[in-house]
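Where a number appears in this text, it was derived from the coordinates with a stated rule and is not lab data. Here the structure is a predicted model, which is why all the values come from computation and not from measurement. Neighbour counts are summed over all protein chains in view; Cβ atoms, including those assigned to glycine, are modelled from backbone coordinates with ideal geometry.
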Amino acid sequence: MVFVLVLSVLVYVAALGLTPSGPLQVIDYWVQGFWVLLTFAMQMCLLMITGFVVADSNQVKGALRKLAGVPKTPGQAILGFSAVIGFLWWLHWGLGMMAGIMLGRELVVAQKGKKLHYVAVVASAYAGITLSNGPSQAAQLLMATPGHFMEKAVGVIPLSKTSFDPILLIMNLVLIITIPLIFYAILPRGNAVEADERIIQRFTETERAKDVDPKLLTPAQRWDRSPVFMWIVGLAGLLWVVKFFVTKGIANLDLNTLNFTFLVVGVLLHKTPQSFMNSVKMATTTVFGVIIQFPFYAGIFGMISYSGLAKIFADWFVAISTPGTYPWIVFVYSGFLDFFVPSAGSKFVIEAPYILPAAQTLGANINYVINAYTSGCVVIDLIQPFWALPIIGAFGLTFRDILPYGLIIFVWAALVNSVTYLVFMH
């Protein structure tokens, strides 16, 4: 919240100093933009909530528990865990984060006594974030959704040209193979420190549901525990989802369709309204920042777009770039800014009004620029603590504990991304 307030002031001052706009006029632009992203804010909230709800279902938690018991050695455990979580981060970053916490806890318990280094497990759970530039990333999904705020400037860009671009898929495949190998290579063995008994006890404690005599339930309470309407609505939604993917394919996925798909899956997995809503209540604790901060980001968008700052910033980028180097410059710049505004979705609202027009002016591939924007955000997150907070909080560690691992993966991921954008995406 502090960063978004400071950034609002900085943009206001920049608009006063670099454009002909007056003090009250810039405030008008700020208020004019304040409410233009309410739809996007709600979409982002649902993206986070639906991923959490699916990961919180008994079926997913049961599958993760079984998976945790498969590895026989610490090396096998870290290799398998890192690869699985990396893929889930790519598939849906909310699912990847929650599954990393759940599977990580189960793995620590299942591997007790085998010298699996506790901090390495937690670091591996978070390192998957660098693979999260997949089909659930806000920038790509937003550009694929009709009616988005940049549609007049750049049109609608399907995921087939961004998230599912073959070059980006190959880069992600390289990372999903090599990151587990790096963790395997640097995994402490002789001096491995396992989770202590206090942590093991906390991870194995389960909250027992209180049995209630059915005769004492009111009609409303019975319906709350009944799967009937959940199945009717869930199956109807699933039918539509299957029809969408059969007729249009995954490459035509957009933000609304992804949210609807995970919402339907969550409804079917939880079976009853009571279970579903209990999970939703827990999930909503992760979105309060989005709800209140997005209007401020929209206000920043208003000042940049309506004052003329967007064209000034775009001209600066054009001056230092060529069509071939521009995606990489966006990768570096986006990562730098993300260190201070750690949200790829909300920050895109700030950057898009000038980085996309600059790409058009240069004749750079705008699809590569969108991918580079997201890549910069997710790579820098390895050394930025914001998105690590839910994970380190769940495991009782500090960001300083996992940072040495994060730095190593950061250097490797930055190198792989730089080669990709300078050599293959130019």
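Annotations
- Per-selection Rg to Rh, segment 32-72 - Cα, Kirkwood hydrodynamic radius: 1.36
- Estimated dipole of segment 104-220 in Debye, rounded to 20 [Cβ of Lys and Arg +1, of Asp and Glu -1, Cα centre]: 160 debye
- Over the chain: helical MRE at 222 nm, DSSP H runs n ≥ 4 each giving -39500 (n - 2.57), nearest 500: -23000 deg cm²/dmol
- Cα-Cα separations in segment 133-234 greater than 18 Å, expressed as whole percent: 76 percent
- Rg(Cα) / (2.2 N^0.38 Å) computed for segment 242-327, rounded to two decimals: 1.73
- The spacing between segment 58-137 and segment 212-247, judged by their C-alpha centroids, is 30 Å.
- Residues F339 and V193, FRET efficiency given R0 of 41 Å [Cβ-Cβ distance, rounded to 0.05]: 0.85
- Counting neighbouring beta carbons within 10 Å and listing from fewest to most, the residues E151, E106, E351 come out as E151, E106, E351.
- Using the Stokes-Einstein relation with a Kirkwood hydrodynamic radius computed over Cα pairs, the translational diffusion coefficient of segment 374-425 at 4 °C and a viscosity of 1.567 mPa s comes to 109 µm²/s.
- FRET efficiency estimate (nearest 0.05) - Cβ-Cβ, A63 to L235, R0 25 angstrom: 0.70
- Max mean-square fluctuation residue, GNM over the chain, Cα-Cα springs under 10 Å, options N365, N252, N278: N278
- Each of T73, T162 has some number of other Cβ atoms within 10 Å of its Cβ, and from fewest to most they run T73, T162.
- Highest mobility in the GNM of the chain, judged by mean-square fluctuation with C-alpha springs under 10 Å and restricted to A63, A413, A394, is found for A63.
- Rough spin-label spacing in nm, given labels placed 7 Å along Cα→Cβ, for A251 and A220: 5.1 nm
- The chymotrypsin sites (Phe, Trp or Tyr not before Pro) of segment 228-324 include none that DSSP puts in a loop with a beta carbon having at most 10 other beta carbons within 10 Å.
- Projected onto its three principal axes, the C-alpha set of segment 159-295 covers 59, 52, 35 Å, listed from the longest axis down.
- Positive-end residue of I78, V6, G22, charge dipole of segment 1-116 with Cβ unit charges: I78
- 32 Å Cα-Cα threshold exceeded, pairs from K243/K271; K161/K311; K281/K347; K72/K161; K161/K271: K72/K161; K161/K271
- Extending 7 Å from the Cα toward the beta-carbon at both V423 and L5 defines two label points whose distance is 4.7 nm.
- Using the Cα coordinates of segment 82-137, the gyration tensor eigenvalues translate into equivalent-ellipsoid semi-axes of 23, 10, 7 Å, sorted from longest to shortest.
- Student exercise, the chain dipole from Lys, Arg, Asp, Glu Cβ charges, in Debye to nearest 20: 1100 debye
- By the compact-protein rule of thumb, 2.2 N^0.38 Å, the alpha-carbon radius of gyration of segment 27-103 corresponds to a ratio of 1.58.
- Computed from point charges on the beta carbon alone (+1 for Lys and Arg, -1 for Asp and Glu), the dipole magnitude for segment 55-123 about its Cα centre is near 320 Debye.
- Panel order for R105, R222, by other beta carbons found within 10 Å of each beta carbon, from fewest to most: R222, R105.
- For the chain, the residue among Y118, F313, L216 whose Cα projects farthest onto the positive side of the dipole built from Cβ charges is L216.
- Pairwise Cα separations in segment 152-193 fall into 5 Å bins from 0 onward with the following percentages, short to long: 5, 18, 13, 13, 12, 10, 9, 7, 6, 3, 2, 1.
- Shape box of segment 22-177 [Cα atoms, principal axes, largest first, Å]: 67, 33, 31
- Ordering A185, V108, A41 by the projection of their Cα atoms onto the charge dipole of the chain, which places +1 on the Cβ of Lys and Arg and -1 on the Cβ of Asp and Glu, puts V108 at the extreme positive end.
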